[in-house]
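Data block below; observations after.
Where a number appears in this text, it was derived from the coordinates with a stated rule and is not lab data. Note that the structure is predicted; figures quoted are calculated from it, not measured. In this analysis, Cβ positions are derived from the backbone assuming ideal geometry, glycine residues included, and neighbour counts consider all displayed protein chains.
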Amino acid sequence: MISNISKRYARAFFEIAGEEKKLEQYYNELSQFSSIVAENKDLGGFLANPIFDEEAKKKVLEKIIGKLSLSKMTINFLNLLIDKKRIDVLPDIETCYRQLMDETLQKVRVTLKTAFPLSGEMQDYITSNLKKMTGQAVEVTVESDKSLLGGILIGVGDTLYDGSIKNQLNNMRNLLGEAR
């Protein structure tokens, strides 16, 4: 569950990004920093731990920021999260921000899972049909999953379209089991 606090921070940062017409830039910066924290458990633990004072956390933040190319606004936002002891909810803030951005830009994120790589032509065909179906711009992420055996699994938001051979075999197994 995403907290109301995360939603408020995400909305505030999103509104600033909207005013500056930098929705995607600020999201990418937020996501970039969030992924660094997520990849390094010790860093995440340090930043979230109330035992350490804000100055120590800001020094670590400055060292990380020095290696990234973040805008002044994103840096200020991250410092604010440290000041308010909310840096631990950064992943939730990132998720809320992305949802707000996708709604505003009328974009839907789609995950395609296949047992075998898709040709560019097939991926374009699927993308264009998903665009027609949703009426929105589509951002596709393709993943390989050998356990599907064949076919395709399409995730659009909270909806899952399962056209995999694995699913069809499971359905047949269930039908045959019921027939006994």
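Taking 0.36 nm per residue of separation and subtracting the Cα-Cα distance, full extension of the segment from Phe52 to Thr111 would add 17.3 nm.
A simple spin-label model places pseudo-atoms 7 Å from Cα toward Cβ; at Met172 and Ile5 they are separated by 5.3 nm. Seen from Asp162, the other residues with C-beta closer than 13 Å to its C-beta sum to a net charge of +1, counting Lys and Arg as +1 and Asp and Glu as -1.
Assuming 0.890 mPa s and 25 °C, estimate D for the chain with Stokes-Einstein, Rh taken as the Kirkwood radius over Cα pairs, in µm²/s. D, rounded to a whole number, is 129 µm²/s. Across segment 4-103, the relative contact order, built from alpha-carbon pairs under 8 Å that are at least six residues apart, equals 53 percent. Within the set Lys7/Lys146; Lys22/Lys58; Lys67/Lys131; Lys41/Lys107, which residue pairs have Cα atoms separated by over 29 Å? Cα-Cα > 29 Å for Lys7/Lys146; Lys67/Lys131; Lys41/Lys107; rest within.
Normalised by 2.2 N^0.38 Å, where N is the number of residues, the C-alpha radius of gyration of segment 107-179 stands at 1.23.
Full extension of the chain between Ile64 and Gln123 yields a length gain of 17.5 nm, computed as 0.36 nm times the residue separation minus the alpha carbon distance.
The amide H of Val138, built 1.01 Å from its N in the peptide plane, has Val108 as neighbours under 5 Å, considering only residues 5 or more places off or on other chains. Spread over its residues, the convex hull of the C-alpha atoms of segment 1-72 is 117 Å³ per residue.
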